[in-house]
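A.B. asks: Below you'll find the structure I mean.
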Amino acid sequence: MRPNFSSLLAAFLLGLAGSAAQAQTISRPSATLTVSEGAGAVSIALSIAGANATASTVQVALQPLGTATAGSDFTYASPQTVTFPANATGTQTVTIPILDDAAAEETEYFVVRLINPTNATVSATANDVLVYLKDNDTPAPARGNNVALSLVQSYQTAPPFSGTMQVNSAEIAAFDASTKRLYVANSVGGKLDILNLANPAAITAVASINVSSYGGLNSVYARNGLVACALEGTNPQANGSVVFFDQNGTLPLA
């Protein structure tokens, strides 16, 4: 009798379909879990898809990663084997006891990995679970109204008005700790005012630099003896410029 190739092909395809339907995949609940160190334990619920008539297993192994320490922050006998009975479609849970200490510390973490599955598969890119342990020993700061400010000194760089017209201003100030000098953007007067703050109770003027020829003074920044002034052009919407001075208001590159 000649073989019926159509029947053989159909049987082969049905066999492939049956094998695909029986393929089991074990998955983690999520990539990360967060618990308080006072929670007592963290539970990792593993699930299985595509159950068939044969039991499946997977091991949950502690990885040499993280800042939490086994034995002092948590206890875990690694690895643990999780078994899904035949035809199982639910979840199996791994419970890891968390140890509550009295030390105020940063949030710590440890990592477990799904390894060595039998009669199942585990994704190689989704097999780790990172568990964060949040500290419960750091006290919340108490609210208080104990901040007190007192005026040490004030200083007027120049008279702000001439009659009813404003002729000077002090809009933006930049302090350079390396030189103990305060650089004040006097945008109305078109000047960079430099003050000596070595003694805040006795502020003195160092110089007043006319910067109006470079544009309108918008801002100032100072650090390590170098002062940068941001200036706008005649058209405020167009590109401006940055002019650099030394601590005395001299153009370093002039």
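A.B. asks: Considering (1) within 20 Å of LEU62 (Cβ to Cβ); (2) among the small types (Gly, Ala, Ser); (3) touching a strand residue (DSSP E or B) at 6+ places or on another chain (Cβ under 8 Å), say which one ALA88 fails and leave the rest.
C.D. replies: Of the numbered conditions (1) within 20 Å of LEU62 (Cβ to Cβ); (2) among the small types (Gly, Ala, Ser); (3) touching a strand residue (DSSP E or B) at 6+ places or on another chain (Cβ under 8 Å), the odd one out for ALA88 is (1).
A.B. asks: So, in segment 109-145, how many residues would count as being β-branched (Val, Ile, Thr) and free of Cβ contacts under 8 Å to residues at least 40 places away in the same chain?
C.D. replies: 2
A.B. asks: Here's a follow-up. From the list ALA70, ALA55, ALA86, which one is surrounded by 12 or more Cβ atoms within 10 Å (Cβ to Cβ) and more than 30 Å from ALA140 (Cβ to Cβ)?
C.D. replies: ALA55 is the lone residue from the list that is surrounded by 12 or more Cβ atoms within 10 Å (Cβ to Cβ) and more than 30 Å from ALA140 (Cβ to Cβ).
A.B. asks: Taking the condition buried (at least 20 other Cβ atoms within 10 Å of the Cβ), in contact (Cβ under 8 Å) with a residue 12 or more places away in the chain, aliphatic (A, V, I, L, M) and touching a strand residue (DSSP E or B) at 6+ places or on another chain (Cβ under 7 Å), does VAL227 pass?
C.D. replies: yes
A.B. asks: Here is a list of conditions, (1) among the aliphatic types (A, V, I, L, M); (2) at pLDDT below 90; (3) assigned to a loop (DSSP other than H, G, I, E, B), and LEU16 meets all of them except one; can you say which number that is?
C.D. replies: It is condition (3) that LEU16 fails.
Results for (1) of a type outside the set (D, E, K, R); (2) touching a helix residue (DSSP H, G or I) at 6+ places or on another chain (Cβ under 6 Å); (3) over 13 Å from ALA45 (Cα atoms); (4) assigned to a loop (DSSP other than H, G, I, E, B), shown as yes or no for each residue.
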position	(1), (2), (3), (4)
ALA61	yes, no, yes, no
SER72	yes, no, yes, yes
TYR76	yes, no, yes, yes
GLN92	yes, no, no, no
THR95	yes, no, no, no
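The values are calculated or read from the model by the stated rules, or taken from the named source; none is laboratory data. Computed from a predicted structure; not experimentally measured. Positions of Cβ are backbone-derived with ideal geometry, glycine not excepted, and every protein chain shown enters the neighbour counts.
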